[in-house]
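See below for the structure under consideration.
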Amino acid sequence: MQVPGGWLADKFGSRKVIVVAIVFWSVFTVFTGMAWSLMSMIIIRFMFGLGEGGYPAASSKAIADVFPKEERPSAQTTMMSSNSLGGVIAPLIATPLLVWIGWQNLFMVIGILGVFVAALLWHYLKPENMQVDSSEGESTEKSSIKDLMKVPIVWQLAIMWFGMSTLIWGLISWMPPYLVGERGLDLLSMGMLTSIPALTGAIGTIVGGKLIQSYLDGKEKYFAIVSALFAILFLYLIFNAPSVTLVITFQSLCTIFHGFVFATVFSLPHKVFSKKVIGSAIGIVNLGGMIGAFLAPMVMGYLIETFNGSYTSAFVYLIVCSVLTIIAAVTLNLKKSLSVENAKVVNS
């Protein structure tokens, strides 16, 4: 739903897509608590993803609608830090509730809260309640998804995000069983400790956006390369750490540098593309990330099972995919991305 969600936001406006997406995924979050079999769970979670997938590009479109172009990178990364902040809040709230009311009721409570949030956003995202930016010149030219797909930077950013999304979703999926099974933590302790790297990831995303907007204009490529290298370094150290304290410390440092790359990937489209096509552009970029997120848990699970419970090969997979981020970043050419050949799709 990444690309369709972005296209729908560009065509019908961000507010409608945001609210429909949240209501859709909230309803299927409630249904998750009602699942009666493995197959029903798979179908319900698939439907949940259809709703959730429309949100990222639509929210990016809303940022472009409201903020002047020079302020969008910082606004985008501040908003996107909620991905990690959710990871901070979720273990602190969900883990005790899981023990108290059970997983079925937990999903129902979260889904009901989501519908309430959607109602609030429907009100607060009304045009009369927002200061819509009108400084960007309007164009009568139209650009299609096909036009966007011809612009190299879209695919370079998609590959960069594939690598970093593989890293972070691999950690999200397999660090809890790793900490419980390999490091001997109980469920409650694991839930509390995993909120720390999520917090540092949010900080990294916000700080990265500020740095890109204020100090690193034109140097985003090098910022991403260096940050990805450090993320890979700390990923390697996580699974060679002699203690749980060092595991969490290295994971926290890894998510900070992941946050820097995250900020770069989602800031650059706002610098290159106009708000007329930003939803579609972000949708294509995030498609790369969602492919990584889709593959990481399954591939890691397969490797762990194949190698008799050893996590080594699984984390080699994360490292290899993360290297793709560096390779794609090396090929970035922002001057060419803003050249005359791309002017139609970039500025329309």
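The table that follows gives values for the structure above.
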{"item": "Some residue of the stretch 43-55 being out of contact with any Ser or Thr (no Cβ under 7 Å at 6 or more places or on another chain), open to solvent by 30 Å² or more (accessible area, probe 1.4 Å) and free of Cβ contacts under 8 Å to residues at least 12 places away in the same chain", "result": "yes"}
{"item": "Segments classed as helices (runs of 4 or more DSSP H), wholly inside the stretch 179-283, with at least 2 members that are more than 17 Å from the chain's Cα centre (by Cα) and closer than 30 Å to Pro96 by Cα", "result": "187-193, 220-238, 244-272"}
{"item": "The lone exception for Gly283 - which of (1) open to solvent by less than 10 Å² (accessible area, probe 1.4 Å); (2) over 30 Å from Gly218 (Cβ atoms) it fails", "result": "(2)"}
{"item": "Count - residues of the stretch 16-36 that are open to solvent by 50 Å² or more (accessible area, probe 1.4 Å) and not hydrophobic (A, V, I, L, M, F, W, C)", "result": "1"}
{"item": "Any hit, the stretch 7-28, residues being among the aliphatic types (A, V, I, L, M) and outside any helix (DSSP H, G or I)", "result": "no"}
{"item": "Qualifying residue in the stretch 220-236 (condition: open to solvent by less than 10 Å² (accessible area, probe 1.4 Å), within 30 Å of Asp147 (Cα to Cα) and hydrophobic (A, V, I, L, M, F, W, C))", "result": "yes"}
{"item": "Residue count, the stretch 312-339 (criterion: open to solvent by less than 70 Å² (accessible area, probe 1.4 Å) and either among the β-branched types (Val, Ile, Thr) or at pLDDT below 95 (or both))", "result": "11"}
{"item": "Residue pairs meeting the criteria (Cβ under 8 Å; at least 6 apart or on separate chains; first among the aromatic types (Phe, Trp, Tyr) and surrounded by 14 or more Cβ atoms within 10 Å (Cβ to Cβ), in the stretch 290-311; second at pLDDT below 95 and not in a helix (DSSP H, G or I))", "result": "Tyr311/Glu182; Tyr311/Phe239"}
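The values are calculated or read from the model by the stated rules, or taken from the named source; none is laboratory data. This structure is a prediction, so every number in the text was calculated from the model and none was measured. Every residue, glycine as well, gets a Cβ built from its backbone with ideal geometry; the counts of neighbours run over all protein chains shown. The protein model used for the area step is the full one, side chains on, heavy atoms only, and it has no ligands, DNA or RNA in it. Shrake-Rupley method; radii C 1.70, N 1.55, O 1.52, S 1.80 Å.
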